[in-house]
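To start, the structure itself, in structure tokens.
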Amino acid sequence: MSINRVVITGNLTRDAELRSTASGTSVLGIGVAVNDRRRNPQGEWEDYPNFIDCTMFGTRAEKLQPYLTKGTKVAIEGKLRWSQWERDGQKRSKIEVIIDDLEFMSSRNSSNQGGGSNYGGNYARNNGGNNAGYAGNNGGYAGGNANYAAQRTSAPQIDSTSSVYDEDIPF
């Protein structure tokens, strides 16, 4: 058995580019910069950037394109795809990430440089995108964000005198 899953977080290196196939399917291309940390010759830790090409298909691509601008911090989950082609008599190839899920980790016009954002991330799923309301504090979904408590709703109160039956549960 083999598993083809990848999760990356990083900043967009350019504005998203939307195009269409001959059959009309929308294709969105983005670049994500992710850091690799390693020691330099002097023995000090340094960040080295890796640039990853990512692709998203369908109506999600159309809807998200205006929000995917250079510098936006995102978390991406998807699968790797290798492609090969020939240009000017030379064989070329690349590996890219096909996006299944995307979460914004910084607000669109954030003045918060390098810190956590104060809004719930727009989590685009296979179902066309829903608002999951995760607090985007760069360190975790709900950890340490002062606005998280104000954003969440309290659990519904259940009357102890009433009874709940299986047929009352909506799933």
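Just one residue in the set P41, P49, P66 is modelled with pLDDT of 90 or more, closer than 17 Å to T9 by Cβ and not hydrophobic (A, V, I, L, M, F, W, C); that residue is P49. Using the structure shown, decide if L12 is surrounded by 16 or more Cβ atoms within 10 Å (Cβ to Cβ) and modelled with pLDDT of 95 or more. So L12 fits the description; yes.
Every residue, every condition in (1) part of a strand (DSSP E or B); (2) crowded, with 19+ Cβ neighbours inside 10 Å; (3) small (G, A, S), yes or no:
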residue: E46; (1), (2), (3): yes, no, no
residue: F51; (1), (2), (3): yes, no, no
residue: C54; (1), (2), (3): yes, yes, no
residue: R60; (1), (2), (3): no, yes, no
residue: Q65; (1), (2), (3): no, no, no
residue: V74; (1), (2), (3): yes, yes, no
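The values are calculated or read from the model by the stated rules, or taken from the named source; none is laboratory data. Predicted model, so just to flag it, every value in this text is computed and none were measured. Cβ: placed from backbone, ideal geometry, glycine included. Neighbour counts: every protein chain shown.
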